[in-house]
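In what follows, a single structure is set out as structure tokens and then discussed.
The values are calculated or read from the model by the stated rules, or taken from the named source; none is laboratory data. As the structure is a prediction and not an experimental result, all values here were calculated from the model. Here the Cβ positions follow ideal geometry from the backbone for every residue, glycine too, while neighbour counts run over all protein chains shown.
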Amino acid sequence: GQQVMQIPQYQHVQEGEDFTTYCNSSTTLSNIQWYKQRPGGHPVFLIQLVKSGEVKKQKRLTFQFGEAKKNSSLHITATQTTDVGTYFCAENTGTASKLTFGTGTRLQVTL
Amino acid sequence: DGGITQSPKYLFRKEGQNVTLSCEQNLNHDAMYWYRQDPGQGLRLIYYSQIVNDFQKGDIAEGYSVSREKKESFPLTVTSAQKNPTAFYLCASSIVSGTTEAFFGQGTRLTVV
């Protein structure tokens, strides 16, 4: 079945450093959503990308959808301790809007 | 206060017992979902429902059962047939068109001893 891989699996940065997580698929994605899950919490929707080459920004977060719609990235500029958590990409598929989640990237930020 | 409510937050059960996890939403969403999350891993779809009295198996439905008698409610039963039931269970809901972001409940952490 469809596999959506994310790299890296884990990253530890100092506050103020940048961070990027990549989401890769072996097949063309119809769209990509990004979620953030704080430690012990539940996933919270961040954004959805639909168009080839699409770029969206939310304050310090920049989301990109690849030209071939097989990959996506989330870049955080100047990380803060509030950015700690696991970031998941997910494809929304089918008429039932099922989500196929990536493996996630856990971000740890220290002072 | 709109949202999805899962209960209980923590649940302990003995091996061989069935257990039912509750999920209620007041967002008026047609679609509801159950996901399982194991430590350090992504979410895997167990069951989903687009409409009352109808539901479909997800990727890992074996050992689980669901019902959808009301739009607001989508309980999940973890049966004794589930080989490794200890996990974090997340319920979600969404509309089925447009930007179909999923809204998640707080989750139930099930431990089977």
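Things to note:
- Residues that are among the aliphatic types (A, V, I, L, M) and modelled with pLDDT under 95 occur at least once in the stretch B:77-84.
- Within the stretch B:47-79, the residues that satisfy the criterion of being of a type in the set (A, V, I, L, M), away from every other protein chain (no Cβ under 11 Å) and either out of contact with any strand residue (DSSP E or B) (no Cβ under 7 Å at 6 or more places or on another chain) or within 20 Å of B:Phe103 (Cα to Cα) (or both) are B:Val52, B:Val66, B:Leu76.
- Selection count, the stretch A:97-106, where residues are closer than 28 Å to A:Asp18 by Cβ and crowded, with 20+ Cβ neighbours inside 10 Å: 6
- Condition met for A:Gly94 (surrounded by fewer than 19 Cβ atoms within 10 Å (Cβ to Cβ) and at positive phi): yes
- Residue match in the stretch A:47-60 (condition: touching a strand residue (DSSP E or B) at 6+ places or on another chain (Cβ under 7 Å), within 10 Å of another protein chain (Cβ to nearest Cβ) and hydrophobic (A, V, I, L, M, F, W, C)): yes
- Close pairs (8 angstrom Cβ cut-off, 6 or more residues apart or separate chains): at the interface with another protein chain (Cβ under 9 Å from one of its Cβ atoms) in the stretch A:75-101, acidic (Asp, Glu) and outside any loop (DSSP other than H, G, I, E, B) anywhere: A:Leu99/A:Glu91; A:Thr100/A:Glu91
- Checking each residue in the stretch A:24-69 for being in contact (Cβ under 8 Å) with a residue 24 or more places away in the chain, surrounded by fewer than 17 Cβ atoms within 10 Å (Cβ to Cβ) and touching a Ser or Thr at 6+ places or on another chain (Cβ under 9 Å) picks out A:Ser30, A:Arg38, A:Pro39, A:Ala68.
- Taking the stretch A:62-111 as the range and being modelled with pLDDT of 95 or more and among the charged types (D, E, K, R) as the test, the residues that pass are A:Glu67, A:Lys69, A:Lys70, A:Asp83, A:Arg106.
- In summary, strands (runs of 3 or more DSSP E) completely within the stretch B:1-95 and bearing 3 or more residues that are farther than 19 Å from A:Gly102 by Cα occur at B:4-7, B:10-13, B:19-25, B:43-51, B:54-57, B:64-66, B:76-78.
- Just one of (1) of a type outside the set (Asp, Glu); (2) within 14 Å of another protein chain (Cβ to nearest Cβ); (3) under 14 Å from the mean Cα position of the chain (by Cα) fails for A:Gln64. It is (2).
- Selection from the stretch B:79-111 of residues that are farther than 14 Å from B:Ala31 by Cα, over 10 Å from the mean Cα position of the chain (by Cα) and buried (at least 19 other Cβ atoms within 10 Å of the Cβ): B:Gln82, B:Pro85, B:Ala87, B:Leu110
- Evaluation of A:Tyr22 against the conditions (1) more than 14 Å from the chain's Cα centre (by Cα); (2) closer than 23 Å to B:Ala102 by Cβ shows that the sole unmet condition is (1).
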